[in-house]
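Here the structure is laid out as structure tokens; the discussion comes afterwards.
Here, each number is a calculation from the coordinates, and none is a lab measurement. None of the values given here were measured: they were computed from a predicted structure. Note that we place each Cβ from the backbone using ideal geometry, even for glycine, and neighbour counts take in every protein chain shown.
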Amino acid sequence: MPLTKDRRSNLTGGATRMGMDTNRLLLELEQTIRTLNREIINPEIPSLTLDGLCPVMCMVATTRAAYLNELFHTATEVGRNMPSTEQVTKLRALRETYEEMVSGAQALETAIQRGYLDVSEGRKKQAS
């Protein structure tokens with residue numbers, strides 16, 4: 001049966017309504033995820049300040065420094081030769097540690113951006 005103008009209109013109208021229903025569902029799902037994440041994550045972490053974030057940033061920088069330091073140390077030690085299995089194993093372990101810390105810091109940044117965590121303005125006040 002050929003599609004008449006009325007039948008085409010009904011089909012596209014249905015698709016539009018279905019698209020709107022899908023969009024509404026996705027928006028509600030996003031809001032639910034946001035709410036659940038905030039309700040679950042926020043009580044676990046104290047209100048964030050720049051001073052409070054410094055230990056995390058320092059830990060990431062320290063693991064990066066250890067990884068890069070070992071890379072240069074190994075390169076100096078082996079010269080144009082291949083590194084030993086032990087050297088590669090040590091470098092791999094340092095890289096995995098560094099990458100894990102970066103992933104954690106990125107997860108923290110995402111949680112802050114999405115409003116899952118409370119953020120306090122400024123720095124903690126210094127004791128006199």
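May I ask for the Rg/Rh ratio of segment 45-114, computed from Cα atoms with Rh as the Kirkwood radius, given to two decimals? Before the final figure, lay out the partial values.
On the way: Rg = 15.8 Å, Rh = 13.7 Å.
Using Cα coordinates only, the ratio equals 1.15.
Between beta-carbons, use under 10 Å as the cut-off and find the net charge around Gln87, counting Lys and Arg +1, Asp and Glu -1.
Value of the local net charge: -1.
What net charge is computed for the residues neighbouring Leu27, neighbours being all others with C-beta under 12 Å from the C-beta of Leu27, Lys and Arg scored +1, Asp and Glu -1?
Working: positive: Arg24, Arg34; negative: Asp21, Glu28, Glu30.
Net charge around Leu27: -1.
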